[in-house]
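The structure appears right after this line, and notes come after that.
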Amino acid sequence: MIANFSDISVPSLGFFVLGLALVLLAWSRYRENFAPALLAASLIMVASWLSPMDAVVLAGFIFPPYLAVHVLWGRQEKAPSVFIGVVVVWEVLLFIVLRRYEWVGWIDWLDHPVSIIGLSYMLFRIIHLVVEAPSLGAYRISLAAYLSYVLAFWTLISGPIQRYDDFARGLSSVGRPEPDELLSSSHRMVNGLIKAFLIAPVFLKASDIGLVTRDDADVIDFAIVFYAYPIYLYLNFSGYTDVVIALTRLCGVNTLPENFNRPYLARNIQDFWKRWHMSFGVWITSYIFTPLTKWLLTRGDIKHHGPLTALSVMVTFLIVGAWHGATTNFLVFGLLHGAAVMAAALYGLGLKKALGKTGRNAFEAKPWVRGLAVVLCFHYVCATLALIPNQISDIVGALGKFLA
């Protein structure tokens, strides 16, 4: 049988063939060729999606930053911050143009035919490399290594987001895993495939908001629609993550970060973002929230540090929303999560003021308090996730008809 390499993605035969080839190479005596083979697999996967115009635009997106990285590499004492800032701003602006954001649609030429899958994950890796290049001199960064990292075969579509030093260190350990790791990784891959591609689609179909507009719709129908999409999203995303982490570990690469830690058991939205898409949370904290907060606090009076930190939180979550999608809905999603983080922080401060640090800890440790917090947080997440697959007008219309 000839593998179909058109539009290669995780559930495709093409992905299976490329992944199996990498595993077999990692287990063989020719494993020193693993890095170029990974690059070849990544290029094949990307090429399966691209039109000639897409390929030209993608080259313009990823090659200029490499020149900047090459110039900055290892120059820890002489790295020009203005140059770094210009490169990052240019890449972000180009990203906005290529994503065709709805809220900047007043620029007529944003209506272009270019469509590049995985662009946001490429942007994360590029920004990381440009910013960290001066301190990464201990790791070699040839053009081939740069392309392998930015276009990484197993993490291009949905992450996890990996640092370059971890990526390079992982490739140095390529080989056949121990029997217990082999069994564990194989089991995880099968579980991931079942979660993402067998169970999750059932919940996606059940999440259609149109189901609550039927004349015979009842509370059970509403509950199914309300909970189905969050369940689908978790099963699909975490299942995909299980597959790619398992694949890397079957190749002997053990540095790909975990991405989920029971997120629907979070007790508030801040806790949720420490459990959901964790590598994204680390990236956002490192390159958006922390530098923005430091910049604001160093320029404001100490009595304004609270409001300035709150502003930093809201801007950060506005960016979180914008990264997730190109429509205004995603901005609203980000602002709602930012507001919830601020509410949780104010609640915690109020509790500490009323009960003291020890009293607060004792109160929050009570099982019923934690249980109530988890239930409230989960339902808030479910409500905000309704903005992802639906337009606000559709949600309002469906609820209006259901409650009428």
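The values are calculated or read from the model by the stated rules, or taken from the named source; none is laboratory data. For clarity, every value in this text was computed on a predicted model and none was experimentally measured. A quick note on method: Cβ atoms are made from the backbone with ideal geometry, for glycine too, and the neighbour counts reach across all protein chains shown.
Quick one: count up the residues across the range 116-150 that are touching a Phe, Trp or Tyr at 6+ places or on another chain (Cβ under 8 Å), in a loop (DSSP other than H, G, I, E, B) and among the hydroxyl-bearing types (Ser, Thr, Tyr).
Adding up the residues that qualify gives 1.
Can you list residue pairs whose Cβ atoms sit under 6 Å apart, with the first residue in the range 28-53 being in the same structural domain as Phe153 (by TED's automatic domain parsing) and the second being of a type in the set (Gly, Ala, Ser) and not in a loop (DSSP other than H, G, I, E, B)? Count only pairs 6 or more apart in sequence or on different chains.
So the pair list comes out as Phe34/Ala26; Leu38/Ser148; Leu39/Ala144; Leu39/Ser148.
Suppose we keep only residues that are closer than 19 Å to Gly118 by Cβ and surrounded by fewer than 18 Cβ atoms within 10 Å (Cβ to Cβ) within the range 1-16. Which one would you say is modelled with the highest pLDDT?
Phe16
Going through the range 23-39 one residue at a time, which ones are surrounded by fewer than 17 Cβ atoms within 10 Å (Cβ to Cβ) and within 13 Å of Tyr149 (Cα to Cα)?
Result: Pro36, single match.
For the range 151-224, please list each of the helices (runs of 4 or more DSSP H) lying entirely inside it that holds at least 1 residues being under 25 Å from Ile392 (Cα atoms).
200-206
In this structure, does Ala133 turn out to be hydrophobic (A, V, I, L, M, F, W, C), out of contact with any strand residue (DSSP E or B) (no Cβ under 8 Å at 6 or more places or on another chain) and farther than 15 Å from Leu67 by Cα?
So Ala133 does not fit the description; no.
Yes/no matrix, rows are residues, columns are (1) part of a loop (DSSP other than H, G, I, E, B); (2) of a type in the set (Phe, Trp, Tyr):
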{"position": "Val253", "(1), (2)": "yes, no"}
{"position": "Asn261", "(1), (2)": "yes, no"}
{"position": "Phe272", "(1), (2)": "no, yes"}
{"position": "Trp283", "(1), (2)": "no, yes"}
{"position": "Leu297", "(1), (2)": "no, no"}
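Give just the number: which of (1) buried (at least 20 other Cβ atoms within 10 Å of the Cβ); (2) in contact with a Lys or Arg (Cβ under 9 Å, 6 or more places away or on another chain); (3) part of a helix (DSSP H, G or I) does Leu247 not satisfy?
So the condition that Leu247 fails would be (2).
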